[in-house]
Structures are given as C-alpha cells and as structure tokens.
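The values are calculated or read from the model by the stated rules, or taken from the named source; none is laboratory data. Worth saying up front: this structure is predicted, and the values here are computed from it rather than measured. Methodologically, a virtual Cβ is constructed for each residue, glycine included, from the backbone with ideal geometry; neighbour enumeration extends over all protein chains shown. Side chains are part of the model used for accessible areas, which takes the heavy atoms of the whole protein and leaves out ligands, DNA and RNA. Shrake-Rupley method; radii C 1.70, N 1.55, O 1.52, S 1.80 Å.
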Amino acid sequence: MRRMPILPPTAEHIAFAAAALRRGELVGMPTETVYGLAALASDPVAVARTFAAKRRPSDNPLIVHLASAADLPQVARAVPPAAQALAAAFWPGPLPLVLPRQPHVLGAVTAGGDTVAVRVPDHPVALALLRAVGAPLTAPSANPFMRLSPTAAADIDVDLQAQLACTLDGGPCRVGLESTVVDCAGPGPVRVLRPGGVPRIALAAVLGHDVPLADAAAAAAAGPRPAPGMYARHYAPRTPLRLAEALGPADAGLCFGPPANPRQVAMPADPESYGASLYRVLHALDALDARELVVQQPPREPAWEAVADRLRKAAATG
C-alpha cells in the first residue's frame, strides 16, 4: 500500500489511519503533550513494531490511551478512589494513572509488570482516531528512544516517519511536555512517577494532601518499571546539552534575557509557555550543528518541576 506521510485530520484521513491501525500498522497521532506513535494496544505484532521503530528497550512500558474514562475496565481491573478522583478532575488530559492491569493486557505493554499506565488524551484528533478504531491504543512519543519528542508533525524523525502508515497533523502540541504519570496502584500513598503536564500542586488540590515525587531510580530497581520516562537520561537532542546559570556571549542555547547572538533563543518566563515551546526550540537548535547547547537554569520553584526534569535528563550523560 502507498504510504501517506503527513495528512490533515479530515474524516477521510482519520478513517484511513484507523484502518491502518486495525491492520497492525503504526500511525503518528497528535496529542496535547507530544506526537505519539500509535498502535493497537491488543496487537502483539504492532506493539513489537513500536519498540523496534523507536529502538526502545523492552523494560520501558507504554501508556495506553482510551477514548473515554468509561473504557477503563477494558485495561484496568481496579480503580481506587484516588484514581477515580484524579480521572474525574483531569481527564481528558495529560495524566496517565498507573493501575492494576487486566490479565489480557499484553506483558510487552507493561514491561512485564502487573500494572498499566492509562490516560484519555485531550486532543480532538487523538480522540477522533480512538473512537474510529474502537479500541485502546499505545502511543509513546514519536521519536527514537532518548531523543527529543516531537511537538509538531514536521519534527518527527524522518527515518521513523518512513515506518508509519501516516501521521495526522493536529498542529503544535498545546502542552509540549510529556504527561504527569501518577502511581495509584501501590499499597502506599499516591505518588508521581514522572512530572509533566499536570503540576503536583493541582493533584494535591484534588486529593487533599501532598503528592510526593517518587525516586525514579529506586522505583525502577524495585521491579518492572511502572511508567515510561524514568531513565536518568532521556528527551535529549543529538547536540550535547549543558545547564548553566547564564549563557556566554558566543554560546548557542536557551536564555531568559535578551539573546547575545542569533543562536540564542529567549524563552518565556512562565513554565507553561516555556514547556510548550521547549522541544520545538531544541529541535531547531539541534539542526545548527553547534558544538553544544547551553541552557540557562530555570527557576528552582515547584511550578518549574516538569521543565527542570526534562532539562536535567537532556543534560545527563551515559
């Protein structure tokens, strides 16, 4: 079949993408966070293709995307009260909940664990595609493993795009950072496994208590990884990235003040706008063939937690 790389999200193209997914092919899907590499969650061959296309290790689980919270029983065998409250408050939205999985959920999706991360995306094209398929989809970021996530269809890696039946172009992603993953399955209190599009203070406001940030290294060492994005290095440009208190006059990178040269980009002073533009700007700077990218440290404040997490992982070595 002739492949159709990037398509406007017309009803015809959504139907084309849905048919491709039902055949076991992969599709680029816009969400409010980043563009995802969609596959039928119940198809072991399609899930295996996802891991192969991304060169993603098998110990890194996938997030399952649903058309509606009413579909939760398809993949989760229990939904504790805290998870019910968070879903009611933030779905559709950038908040996967880690829950006990149904026995039929593929072990490849959960990295062999007994839990599954689930969310309802807040993007009209993603929801339309999910409804057209009529089944849950996995949709990790449409990037090679550990590289920058795409927040525009044009930023999907060329080699990866060539392996897709198509990508539905839903425009720039509104949030621009990956979702906040919350563990609601453990015997202990609810905790955040990966900071992201929903700040912890918003979670606390719904639950009535603080929601701690898990130690990712300890959580990974305790057994199968319960969520993606728990590696020390992740979301990195090809160009080495370094965090600094300020940029030098000849540096290429991101700053908060006026740029000192054309290879510096002045970033927004609020965390939401900064997060929404971060990957798009890094994709552009990554194409400059600079020796390194220097990023001015963001404010050390709770509202900047997700941005700081992504920058810290992008700057990590090894």
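Some observations on this one:
- Hits in the range 116-134 (condition: out of contact with any helix residue (DSSP H, G or I) (no Cβ under 8 Å at 6 or more places or on another chain), of a type in the set (A, V, I, L, M) and surrounded by fewer than 24 Cβ atoms within 10 Å (Cβ to Cβ)): Leu127
- All strands (runs of 3 or more DSSP E) inside the range 158-211 with 2 or more residues being closer than 29 Å to Gln102 by Cα: 181-183, 191-194
- Looking only at residues of the range 293-308 that are closer than 17 Å to Val281 by Cα and in contact (Cβ under 8 Å) with a residue 40 or more places away in the chain, we find that the one that is surrounded by the fewest Cβ atoms within 10 Å (Cβ to Cβ) is Gln297.
- Under the condition of being over 26 Å from Pro199 (Cα atoms) and either open to solvent by less than 20 Å² (accessible area, probe 1.4 Å) or under 20 Å from the mean Cα position of the chain (by Cα) (or both), the residues counted in the range 95-105 number 1.
- You will find that of Ala269, Ala306, the residue that is of a type in the set (A, V, I, L, M, F, W, C) and either touching a Leu at 6+ places or on another chain (Cβ under 7 Å) or closer than 26 Å to Ile156 by Cβ (or both) is Ala306 and no other.
- Some residue of the range 35-47 being more than 13 Å from the chain's Cα centre (by Cα), of a type in the set (S, T, N, Q) and open to solvent by 10 Å² or more (accessible area, probe 1.4 Å): yes
- Selection from the range 212-222 of residues that are part of a loop (DSSP other than H, G, I, E, B) and modelled with pLDDT of 90 or more: Pro212, Ala214
- Of residues in the range 158-183 being charged (D, E, K, R) and touching a strand residue (DSSP E or B) at 6+ places or on another chain (Cβ under 7 Å), the one surrounded by the most Cβ atoms within 10 Å (Cβ to Cβ): Glu178
- The residue that is surrounded by the fewest Cβ atoms within 10 Å (Cβ to Cβ), counting only those in the range 226-245 that are modelled with pLDDT of 90 or more and within 16 Å of the chain's Cα centre (by Cα), is Pro237.
- For the range 165-194, a residue qualifies if it is aliphatic (A, V, I, L, M) and out of contact with any helix residue (DSSP H, G or I) (no Cβ under 8 Å at 6 or more places or on another chain), and the qualifying residues are Val181, Ala185.
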